[in-house]
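All of the numbers you see were taken from the coordinates with simple rules; none came from a lab. These numbers were taken from a predicted model, which means no experiment stands behind them.
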Amino acid sequence: MALGITLLNWPAGIALPNAGRVALHEAMGSTLVGIYRQVGWKLGVWREVGWWQVLL
């Protein structure tokens, strides 16, 4: 708890495809909540960004 704020969830954005990172977050209890299509520029290509979250 910082400054009296309680965290209610833990979000994570992952550039896709990235099977290893997805597996890691899902192993920690994260669930997919959405995908933004072609919004991330990485290694010269547009990528999807998936959003996972854990409710604390």
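Our analysis of region 9-55 gives Rg over Rh at 0.99, with the two radii drawn from alpha carbon positions and Rh computed by the Kirkwood formula. Maximal additional length on extending the Trp51-Val39 stretch stands at 3.1 nm, based on 0.36 nm per residue less the C-alpha distance. At full extension, Thr31 and Ile5 could sit 7.0 nm farther apart than now, given 0.36 nm per residue minus the alpha carbon distance. Here is how the number arises for the chain: DSSP H runs of 4 or more residues each give -39500 (n - 2.57), the sum is divided by the residue count, and the result at 222 nm is -4500 deg cm²/dmol.
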